[in-house]
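**Q** Here it is, the structure in full.
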Amino acid sequence: SHPRVAVPHPPHVVRYFTPLLPAYGDLSDDRAFRRLVDDILRLVAVHVHPWDLSIDAARLVAEARPRDAFGVTTALYEQYREARGKARWACKSTFMVDHVPAILARFPGAKLVLLVRDPRDVAVSSRDSVFSTFHPLHTARLWRDQQAVALGWVDQLPASTIRVSYYERLVQEPEAEVRALCEFIGEDFHPEMLRFFETADARQSGALAESWKRTAEPIRGDTVARWRGQLSDDEVCWVEDTASAPMTRLGYALTHDEGALAASRPGTARRAWIALIEHALHLRVEWRSLRRDQNVGRRWARAALLWRLRVGAGLGLVG
């Protein structure tokens, strides 16, 4: 909601297309690159959070730097920024954590924000989100792997480039945290940022999917430590055992000692059962999405498009 910064809902172009790039051949060739751009625009056209924007494909081809999925993303975001009349743009795709070198090569002065949250609370939220893993053990693995990559960049980059922000501070002391974020990126704080839920964008997002409904609501601090009443002791152990290293590094206290965590580790049969539970949770959330989400058709259309592109690239269902 900052008056100078445009932040569209990310279509995750880099995530989906980077593995597919070899199938397009030599991207210095205009025809090959235009084919990539056209496929990326097909993805944006079925994006689960529609962009209210007429995209100029010829400009994407001309302005993308470098000529790959990341370059097309930057050119896309430039057009979005212009359409919104903003001075800067930001990308909030969590998957950009895997593309920090590309970001800094293209934008040496880029500001990176690592937003972290207690993985036990992440596990609670993820069980009901149609856009994530579902079982706490699987969510903990994903959280662990992503934090490992991100914290590696925290160790390598100066504090003027990357900042760790805590979800817990953001929802419990929103003004102080948002002011600190504004100072980090070199922008003035604006009070309307804390009333984001009143914007048309927030209302649209909140209505599109059950998983996003709280984007149209005021910030509440009661989402902190929900895991204490909503995860079983086994689930807490699995999350803590899986993610103990980054949890400790980030200051999230473990509630079980090493012996208890080791004793809780699931064997082969338990892991197979957990895999079945993952599928059951997925089906439950898909059924809810079918009944309640306005964008379920777009989400399925996106999945179908990506499947066709992967098959065409010889990757099948991988990814």
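The values are calculated or read from the model by the stated rules, or taken from the named source; none is laboratory data. Being a predicted model, the structure only gives us computed values, none of them experimental. Don't worry about glycine lacking a Cβ; one is built from the backbone with ideal geometry, like all the others, and counts go over all protein chains shown. Heavy atoms of the whole protein, side chains included, go into the accessibility calculation; ligands, DNA and RNA do not. Shrake-Rupley method; radii C 1.70, N 1.55, O 1.52, S 1.80 Å.
**Q** Apply 1/(1 + (r/R0)^6) to the Cβ-Cβ distance of Arg214 and Glu192, taking R0 = 25 Å, and write down the FRET efficiency to the nearest 0.05.
**A** The formula returns an efficiency of 0.85 here.
**Q** Compute the semi-axes of the equivalent ellipsoid of the range 43-125, taking the square root of 5 times each eigenvalue of the Cα gyration tensor, and list them largest first in whole Å. All intermediate terms of the calculation are to be shown ahead of the outcome.
**A** Values: eigenvalues 129, 61, 31 Å².
They are 25, 17, 13 Å, listed from largest to smallest.
**Q** For Lys111, which lysines qualify as cross-link partners when the Cα separation must be under 24 Å and same-chain residues fewer than eight apart are set aside?
**A** Lys86, Lys92
**Q** Consider all pairwise Cα distances in the range 181-319 and report the whole-number % of them above 23 Å.
**A** Details: 6088 of 9591 pairs.
The proportion of pairs with Cα distances above 23 Å equals 63 percent.
**Q** In a solvent-free Debye calculation with one equal scatterer on each Cα, what is log10 I(q)/I(0) for the range 12-79 at q = 0.20 Å⁻¹, listed in the order of the q values?
**A** -0.73
**Q** Spin-label point model (7 Å from Cα, Cβ direction): what's the Glu286 to Arg265 distance in nm?
**A** In this crude spin-label approximation the distance works out to 3.2 nm.
**Q** Follow-up question, since we're still on this one. Relative to the compact-globule scaling 2.2 N^0.38 Å, provide the ratio for the alpha-carbon radius of gyration of the range 128-193. Don't jump to the answer; show the numbers that get you there.
**A** Values: Rg = 15.2 Å, N = 66, 2.2 N^0.38 = 10.8 Å.
Normalised Cα radius of gyration, the range 128-193: 1.41.
**Q** Rounded to two decimal places and with Rh computed the Kirkwood way over Cα pairs, what is Rg over Rh for the range 98-171?
**A** We get a ratio of 1.03 for the range 98-171.
**Q** In deg cm²/dmol, rounded to 500, what helix-only [θ] at 222 nm does the chain give when every DSSP H run of at least 4 residues adds -39500 (n - 2.57) and the total is split over its residues?
**A** The per-residue figure over the chain is -17500 deg cm²/dmol.
**Q** Another one. Kindly state, to the nearest 0.05, the FRET efficiency for Thr255 paired with Ala301, given R0 = 41 Å and r defined as their beta-carbon distance.
**A** Efficiency computed from Cβ-Cβ geometry: 0.45.
**Q** Mind giving me the nanometre distance, one decimal, between the label points for Thr223 and Ala176, set 7 Å out from Cα along Cα→Cβ?
**A** 2.0 nm
**Q** Sticking with this structure for a sec: Which of the aspartates and glutamates could a cross-linker span from Lys213 if the Cα-Cα distance has to be under 15 Å and same-chain partners fewer than 8 positions apart are dropped?
**A** Reachable aspartates and glutamates: Asp128, Glu198, Asp201, Asp293.
**Q** Here's a follow-up. With everything on Cα atoms, drop me the angle between helix 233-250 and the longest principal axis of the chain, reported from 0 to 90° to the nearest 10.
**A** Compared with the principal axis, the helix lies near 60 degrees.
**Q** Let me ask you something else. Taking 0.36 nm per residue of sequence separation and subtracting the Cα-Cα distance, how much length would be gained by fully extending the chain between Asp128 and Leu276, in nm to one decimal?
**A** Gain on extension, Asp128 to Leu276, equals 51.7 nm.
**Q** With a sphere of radius 11 Å drawn around the Cβ of Glu258, what net charge do the other residues whose Cβ falls strictly inside it have (Lys, Arg +1; Asp, Glu -1)?
**A** Taking every Cβ under 11 Å from that of Glu258, the sum is -3.
**Q** For the range 249-319, what value does the Rg/Rh ratio take when both radii are computed over Cα atoms and Rh is the Kirkwood radius, given to two decimals?
**A** We get a ratio of 1.17 for the range 249-319.
**Q** First measure r as the distance between the Cβ atoms of Trp51 and Arg169, then evaluate 1/(1 + (r/R0)^6) with R0 = 45 Å and state the FRET efficiency to the nearest 0.05.
**A** 0.90
**Q** Moving on to the next point. Using alpha carbons only, what's the Rg to Rh ratio of the range 3-153 with Rh from Kirkwood?
**A** Reported Rg/Rh, Kirkwood definition of Rh: 0.98.
**Q** Give a residue-ordered list of calculated ³J(HN,Hα) values for the range 131-138 (Karplus: 6.51 cos²θ - 1.76 cosθ + 1.60, θ = phi - 60°; whole Hz; x for Gly, Pro).
**A** 9, 8, 5, 10, 6, x, 5, 5
**Q** Also, I was wondering about something else. Counting only heavy atoms of the protein chains, get the accessible area per residue of the range 1-111 (1.4 Å probe) and round it to a whole Å² value.
**A** Counting only protein heavy atoms, the per-residue value for the range 1-111 is 46 Å².
**Q** Taking the chain as a Gaussian network, where each spring joins two C-alpha atoms under 10 Å apart, which residue of Asp234, Asp293, Asp52 fluctuates the most?
**A** Maximum among the listed residues: Asp52.
**Q** Taking the Cβ of Asp188 as the centre, find all other residues whose Cβ is under 12 Å away and add up their charges (Lys, Arg: +1; Asp, Glu: -1). Walk me through the numbers before you get to the answer.
**A** Numbers: positive: Arg4, Arg179; negative: Glu183, Glu187, Glu192.
Here the charged neighbours net out to -1.
**Q** On to the next question. What three numbers, in Å, describe the spread of the alpha carbons of the chain along their principal axes, ordered from the longest?
**A** Result, largest extent first: 59, 48, 43 Å.
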